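Notes to accompany the following structure.
The values are calculated or read from the model by the stated rules, or taken from the named source; none is laboratory data. Because the structure is predicted, anything quoted here is derived from the model rather than measured. In this analysis, Cβ positions are derived from the backbone assuming ideal geometry, glycine residues included, and neighbour counts consider all displayed protein chains.
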Amino acid sequence: MTSFTTFYLSGIIGKEAFGADGDAIGIIKDLLINTVPSGQNDPNSQLVIGVKLKIGKETGYYSFNSFRVVKAREMLNVACSSLLELKKSEIDNGMLLVENILDKQIVDLNGRKLVRVNDVRMVTLATGTFVIAVDIGIDGLLRRIGITMPIKRVLSLFKISIPTKYILWDDVQAIDFSNLNIKLSKSYAKLHTLHPSDLADILEDLGKKSSTSVFSALDEEKAADVLEELEIRAQIHIIESLPVDKVADVLEKMPADEVADILDELEDDKAELLLNEMEAESSQEVRELLEYEDDLVGSIMTTDYMSFSGTKTVEDVLKELRLRKPEPAELYNLFVTEKDEKLIGTFTLRDLVVAEPGTEINQIMKSEPVSLYDDQKTSAIAEIVSKYNLLAVPVIDQEDQLQGMVVVDDVVEDLMSERRTKKRK
Amino acid sequence: MTGVRINRKNIFRKLAVFFMILGPGIITGSVDNDAGGITTYSLAGAQYGYGLIWTLIPSFVVLLVIQEMNARMGIVTGKGLADLIRENAGIKITFLIFLGLLFSGIGNTTTEFAGVAGSMEVFGVSKYLSVPVVTFLVWILVVKGTYKIAERIFLVFSLSLLTYVVSAIMGKPDWHMIGTSIIHPKVEVTTKSMAMVIGLVGTTIAPWMQFYMQSTVIEKGLKMKNYNYTVADIIVGCVITVVVAFFIMVACAATLHPNGIQINEAKDAAMALKPFAGNLASQVFAFGLFIASIFSATILPLATAFFVCEAFGFEAGIDKKWDEAKEFYVLYTGILIISAGIILIPKAPLIPISLWSQVINGILLPVVLVSMMILINKKKIMGTYVNGKITNFIGWGSVVILVALSAALLILPLLSR
């Protein structure tokens, strides 16, 4: 007897399992695999733990330990030594291959996109039966339809082979857990390795139910990053389908200008509800931004910026930066203010790094900085950004008080579309 | 402060919502009146006069019910019909449906190019010039990604379909007779008239439209909150479809039928209108046909390629690069080239081709509808938005009637031989 047998899921579904005496026991309807890994790269995470069997008219879940898949003369046989019914908790912690994987969309973690599963490649070893990979190629499609042989024969005349495409089980994440009472945050663990932008793209492609359940399984920081990257339509869907307190927690982690943009698109009642649920400090900032008209600089500026007094030393500033651990965008440009928050200069991280620790900021700052007024039209931004090559432009009001800054990340799309329309003209 | 600002925005927002949602139904309704449709309505008008106009009423009801179901499924699940069928119906049924959809897509696109060729011939342009040029333009339009803009332009142009109203009135129809024939339909039961009825219903409710409707609903990101707008949009779309169909039939019935002129193509109708309704009516008719043909020739291959890819899990979408979505672009380009190629073959068997694509449509429609009815009644998919009793009654009723009609379409030609 060979030590291992590889096979496809489609090869054994709908087949009869045979008992030790050679009698048929029941029809294999589905396989249950372990979804709660004990740690990273735990081989048991792909272990088949159970089988859904139809015996007579009854369907039940049984332990797969006593089952073996063997290949004899190109024929797959499923042999069963004894029937052991699974406990409810074991079923709830598992995932069904036909129900949740086959024909469904799953995330390809390396390709960072959704793919559709045509078949599942499996292996039986001495230690048990495991899932190796999912088949997403045309080959798998033809095999399922049952026309592989004739097509292969025709194509071989032209010396064309059908491409096969597999993704290792470790590199995929199942999405559709709709009918199980699994703890979602654990089930979607693999998704945390993805970049927020990629995750956002995937959420946009998912159905409504799945996108909500994947999103709610993310922790607040990640959720905030992903929400920021979503298209407005998907943002609204997510916000409207989650409880208000949960959404408010996520919004608090986002920059105020992004929150204002989203709330602008929501209905007034809903926006008000969310603002009230958010912490007073965060919601106040958002409310201020919401007061600006859409085409004014104030509406797209961020209020997350860093300003210092000119008498501070380089050392002091670096210390404070270490303490506050600002987001990358906050470091694009650093500001110097007098009393009343009046803007008198700017300096960059580079100025800071190359200066001696004891130097006062007054000495290294650029005075009379380029700035925008909060009630200026947004169309003015493009010129300033490109003329002075700035990553972030300070925004002041008519009294020269610093109100926020416009970050290039937030305007780059507008800049590109403006250039395109100009070109067309 | 905040309140004032938001209120002012509200009016604009309501308008925006209205325009955003006034979309899927109207777009689908406009695409529905394609070259195939115009041809069938012209033939019906020329052969049976006002006699078959009554068929538009049941067509309207069925179209409305089906599109409402599509919209509801799209809103609730956020998934395309192809996705839902693949995930719930198993791979073999999916394969058969999409094989059928692919063939009917090619057949229907061929009809669209026949429309392009025919309408341009009315203006004296040879098909060997018009078809390659239009094919190339359509291909560029889609591959270069300016399709969304194009869709808007087409939508505006599709208003030109209303020129059929002009054509019809120029033909001085007998309104009294139209009224009588709608209220007291006289159904002559012959194999030929039955085939025409089947053709009329089949061209009004084409299977690929169901997929198209649902994906447009998803693309617009509609929500259950906007459901009433959506239904209004669908009603407007269905009314457009039926009104345009009505006037085409009237135009041909008023001018061609009393003079006993038989036609084979929509182009013939445009030509034949000339002596009775004037040169202008004829050109207006041809222009409408031309626009409708290009509109559908753009959307049909694109939609067909997209749905096939969606069902089988290939990357699809015009925002993807060629290398990322090879299967999609190959399919799209293939459908376009095959369809245009068939038209360019001298003495191409156009009538059998349009007949066969109608037959495939006829078989496909009940299969798609049954899948839809099963999907929309599943609590697991639709939650509380499963069909109500009345919708189910009309839905299954339509399935039964359509199956009967399609069966008749398949059996009648055999009997008449």
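Pairing residues of segment A:85-114 that are within 14 Å of chain B (Cβ to nearest Cβ) and free of Cβ contacts under 8 Å to residues at least 60 places away in the same chain with residues that are assigned to a loop (DSSP other than H, G, I, E, B) and surrounded by 21 or more Cβ atoms within 10 Å (Cβ to Cβ), at Cβ distances under 7 Å and at least 6 apart in sequence or on separate chains, gives A:103/A:117. Condition (residue is among the hydroxyl-bearing types (Ser, Thr, Tyr) and surrounded by 14 or more Cβ atoms within 10 Å (Cβ to Cβ)) applied to segment A:388-402: is it met by at least one residue? For segment A:388-402, residues among the hydroxyl-bearing types (Ser, Thr, Tyr) and surrounded by 14 or more Cβ atoms within 10 Å (Cβ to Cβ): absent. Residues that are hydroxyl-bearing (Ser, Thr, Tyr) and either within 12 Å of another protein chain (Cβ to nearest Cβ) or assigned to a helix (DSSP H, G or I) (or both) within segment B:71-129 comprise B:77, B:94, B:104, B:109, B:110, B:111, B:119, B:128, listed in sequence order. Residues that are assigned to a helix (DSSP H, G or I) and surrounded by fewer than 12 Cβ atoms within 10 Å (Cβ to Cβ) within segment B:367-394 comprise B:379, B:380, B:383, B:384, B:389, B:390, listed in sequence order. Within segment A:270-324, if we keep just the residues that are out of contact with any Ser or Thr (no Cβ under 8 Å at 6 or more places or on another chain), among the basic types (Lys, Arg) and assigned to a helix (DSSP H, G or I), the residue that is farthest from residue A:393 (Cα to Cα) turns out to be A:270. Screening residue B:278 against (1) at pLDDT 80 or above; (2) not in a loop (DSSP other than H, G, I, E, B) leaves a single unmet condition, (1). Within segment A:143-153, track down each residue that is more than 25 Å from residue A:50 (Cβ to Cβ) and assigned to a helix (DSSP H, G or I). Passing the criteria: A:145, A:148, A:149, A:150, A:151, A:152, A:153.
Residues checked against (1) part of a strand (DSSP E or B); (2) aliphatic (A, V, I, L, M); (3) over 28 Å from residue A:193 (Cα atoms); (4) at pLDDT 85 or above:
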site	(1), (2), (3), (4)
A:11	no, no, yes, yes
A:26	yes, no, yes, yes
A:31	yes, yes, no, yes
A:39	no, no, no, no
A:54	yes, no, yes, yes
A:61	yes, no, yes, yes
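Among the residues making up segment A:227-245, those that are under 23 Å from residue B:75 (Cβ atoms) and assigned to a helix (DSSP H, G or I) are A:227, A:232, A:233, A:234, A:235, A:236, A:237, A:238, A:239, A:240, A:241, A:244.
Checking segment A:278-298 against the condition returns a match, with at least one residue being without any contact (Cβ under 8 Å) to a residue 24 or more places away in the chain, surrounded by fewer than 20 Cβ atoms within 10 Å (Cβ to Cβ) and either more than 14 Å from chain B (Cβ to nearest Cβ) or over 24 Å from residue A:404 (Cβ atoms) (or both). For residue A:123, the conditions (1) more than 17 Å from residue B:90 (Cα to Cα); (2) within 14 Å of chain B (Cβ to nearest Cβ) all hold with the exception of (2). Here residue A:337 qualifies as touching a Gly at 6+ places or on another chain (Cβ under 9 Å) and β-branched (Val, Ile, Thr). Just one of the listed residues (A:246, A:222, A:190, A:208) is touching a His at 6+ places or on another chain (Cβ under 8 Å), away from every other protein chain (no Cβ under 14 Å) and of a type in the set (D, E, K, R), namely A:222. In a residue-by-residue description of segment A:308-318, the property of being under 26 Å from the mean Cα position of the chain (by Cα) and among the basic types (Lys, Arg) applies to no position.
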